[in-house]
Amino acid sequence: MQVSWWVELAVRPGCLDAFETLTGEMVAAAHAEGGVLAYQRFISDDRQTVHVHECYENSDAAAAHLVKFAALFGDRYASLVERKRFIVFGEPSEALRTLLDAYGASYHPPFGPFRYWG
């Protein structure tokens, strides 16, 4: 099952340019990974909040991404932004939930017995 998330980030004062540079590195790294279906960033009009949308083929792909993210970018990322909200959609595996719990994730399983697409 696909797993996706929306993350709301507050950009620390004076860090927007550095965060944009880091985001470019992260996009390039994610592009080279397998199982990444969507990897997008959006910024508020006041340029202080960044919204993250990511979608993965399955829990294994998402977990592999998070392990790589933490190793390559975690410290720099944390120095530039503050995570305000982390909402996970789907049914992540227990292994993935363990990784996501470290980011303060909240979980939202699919609604109803319907066959969704997208």
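Laboratory data are not the source of any read-out in this text; all were calculated from the coordinates shown. Because the structure is predicted, anything quoted here is derived from the model rather than measured. Note: ideal-geometry Cβ built from the backbone for every residue, glycine included; neighbour counts use all protein chains shown.
Ranked from largest, the principal axis spans of the Cα set of the stretch 31-76 equal 35, 24, 17 Å. Excluding Gly14 itself, what net charge comes from residues whose Cβ is under 15 Å from its Cβ, given Lys and Arg +1 and Asp and Glu -1? Cβ neighbours under 15 Å give a net charge of -1.
Amide H contacts under 5 Å for Arg85: Glu8, restricted to partners 5 or more places along the chain or on a different chain, H placed in the peptide plane at 1.01 Å from N. Sparse packing (at most 13 other Cβ atoms within 10 Å of the Cβ) combined with a DSSP loop state is found for the following trypsin sites (Lys or Arg not before Pro) in the stretch 32-100: Arg47. Take every DSSP beta bridge whose two residues both sit in the stretch 3-108; close to 90 percent of them are antiparallel. What you get for the chain, charging only the Cβ of Lys and Arg (+1) and of Asp and Glu (-1), is a dipole of about 160 debye around the Cα centre.
Relative contact order, percent, of the stretch 3-108 when contacts are C-alpha pairs under 8 Å separated by at least 6 residues?
On the way: 168 pairs, mean separation 41.8, N = 106.
That works out to 39 percent.
Each residue of the stretch 62-68 was assigned a 3J(HN,Hα) from its phi angle through the Karplus curve 6.51 cos²θ - 1.76 cosθ + 1.60 (θ = phi - 60°); the sequence is 5, 5, 4, 4, 4, 4, 5 Hz, with glycine and proline shown as x. Farthest towards the positive end of the charge dipole of the chain, among the residues Ala63, Met26, Ile43, is the Cα of Ile43, using unit charges on the Cβ of Lys, Arg, Asp and Glu. Near Arg12, the amide H atoms lying under 5 Å from its own belong to Val81, Glu82; only residues 5 or more places off or on other chains count, and H is placed 1.01 Å from N. Segment Arg12..Ala78, full-extension length gain: 22.8 nm, with 0.36 nm per residue of separation and the alpha-carbon distance subtracted. Considering only Cα atoms, the convex hull volume of the chain works out to 107 Å³ per residue.
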